[in-house]
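Coordinate-derived values only; no laboratory data. Computed from a predicted structure; not experimentally measured. FYI the Cβ positions are ideal-geometry reconstructions off the backbone, even for glycines, and counts take in every protein chain you see.
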Amino acid sequence: MRKIPLFAILSWSASTCLAAGPIPPRLTGEQLVERYGKTGTELFTLRDQSYLDGYLAGAADAGEGQAWCNTGKVQRGEIDSYVVGEIRDVRPEHRRGNAAPLVTSALQRKFPCPSSGKAR
């Protein structure tokens, strides 16, 4: 039996992974808007709701205190509704991309950090 050098296998594996192209986002802006609109329907499961809640929370938490600042006056559900409404108003070609930067951008517009640069 002929042995294949480890280098050859690793080279093939690396080229196969690189040829696959860019990794698609976990959720696009379009998917976020579409799925958020289905909440409360029979087609929407608890798993779907948990995924959306977690996605929005994660995207918001990643930028809180830097890209946007929580004033403490608005409830999480209100923030989620605002964010999805803002993304719904974005041009369709921008909604086809990753939803996370759209979430951060919407929060940054609505809840900017103080100009002193200090997070609240």
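Tabulated data
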read-out	value
Total charge dipole magnitude, the range 25-110, about the Cα centre, Cβ charges on Lys, Arg, Asp, Glu only, Debye to nearest 20	140 debye
Cα→Cβ-extended label distance, 7 Å offset, between E78 and Q49, nm	2.1 nm
Note, ³J(HN,Hα) from phi for the range 92-101, Karplus 6.51, -1.76, 1.60, rounded to Hz, x at Gly and Pro	x, 5, 7, 6, 6, x, 3, 6, 4, x
Whether the range 25-110 is rounded, prolate or oblate, judged on the alpha carbon gyration tensor where a/c under 1.5 counts as rounded	oblate
